[in-house]
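Before any comments, here is the structure.
The values are calculated or read from the model by the stated rules, or taken from the named source; none is laboratory data. Only a predicted model underlies this, so the values are computations on that prediction, with no experimental measurement involved. A quick note on method: Cβ atoms are made from the backbone with ideal geometry, for glycine too, and the neighbour counts reach across all protein chains shown. These area figures cover heavy atoms from the full protein model, side chains too; ligands, DNA and RNA do not enter into them. Shrake-Rupley method; radii C 1.70, N 1.55, O 1.52, S 1.80 Å.
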Amino acid sequence: MQLNETDYAAVHGWLYGSTPPQRLAAEAPLLPEPAWREVIENQPGMAYLSDRRWDVHMWSPAFAEMFHERTPRNTMEWMILDESVRDTILIDWENQWAPFALTQFRAARLAFPGDLDLLRIHERILGDARARSLYEDPSTAQVSRHGEDIRPIRHARHGVGQVRLFMAQPDLAPGARYVTLRFRRSDGTWI
């Protein structure tokens with residue numbers, strides 16, 4: 001029938017009233033179509049596109065300004081395992097950032113159990129005492145509160161404030177994420 005992943009999910013939903021139990025293709029693409037580059041490049045605010053492994057492939061100039069040196073190659077490893085980030089950039093890491101990130105990571109591992117890069121990150125988490133203690137504690141699980149996901153952060157250019165996270169999954173690349181972030185300065189102004 002030559003269905004793509006989105007069409008397959010729509011037909012399955014129409015026929016069975018649920019999402020498909022497995023993907024159409026054995027190996028789903030990591031990224032959506034290249035047209036997403038235009039979406040990212042024309043985004044005036046902070047935005048990026050990552051694959052199911054959280055490898056960052058595209059980002060807006062405003063997103064790059066959030067970092068002291070360079071944008072992270074992998075946002076999940078950056079949030080969970082970079083010691084300097086945990087103690088300086090992601091304010092209240094143990095309560096505000098790690099539970100959210102680790103819950104997202106656990107969901108990806110369940111969705112893509114054969115992904116060797118996710119397995120590598122999983123092994124790194126288990127080898128890191130701070131991350132492992134939170135990862136293995138089920139009481140720390142924290143789901144995304146779409147639109148209400150506001151977390152404290154230290155922005156390289158604007159200082160201490162809060163960031164609001166919005167995440168969406170582009171069609172045709174299961175697990176890929178389009179993430180936009182809005183920064184609120186300590187004086188309450190959103191930029």
Give me, ordered by chain and number, the residues 5 or more places off His155 or on other chains with an amide H under 5 Å from its own placed amide H. Val160, Gly161
Whole-number percent relative contact order across segment 121-191, with pairs defined as alpha carbons under 8 Å at least 6 apart: 19 percent
Quote the FRET efficiency, to the nearest 0.05, computed for Arg120 versus Glu83 with a Förster distance R0 of 22 Å and r equal to the Cβ-Cβ distance. 0.75
Keeping all protein chains in position, work out how much accessible area Glu123 exposes to a 1.4 Å probe, and write it in Å² to the nearest 10. 110 Å²
Around Ala98, with a cut-off of 9 angstrom between Cβ atoms, what is the net charge of the other residues, counting Lys and Arg +1 and Asp and Glu -1? +1
Go ahead and collect, in residue order, the members of segment 66-102 whose backbone nitrogen is under 20 Å from a label point 7 Å along the Cα-Cβ direction of Ile191. 66-72, 88-91
Taking only protein heavy atoms and a 1.4 Å probe, the highest-to-lowest accessible-area order of Ile89, Ile40, Ile191 is Ile191, Ile89, Ile40
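Please list Arg124, Arg73 from largest to smallest accessible area, probe radius 1.4 Å, with all protein chains kept in place.
Highest to lowest solvent-accessible surface, that is Arg73, Arg124.
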Collect residues whose amide H, placed 1.01 Å from N in the peptide plane, falls under 5 Å from the amide H of Ala176; neighbours closer than 5 in sequence don't count. Arg52
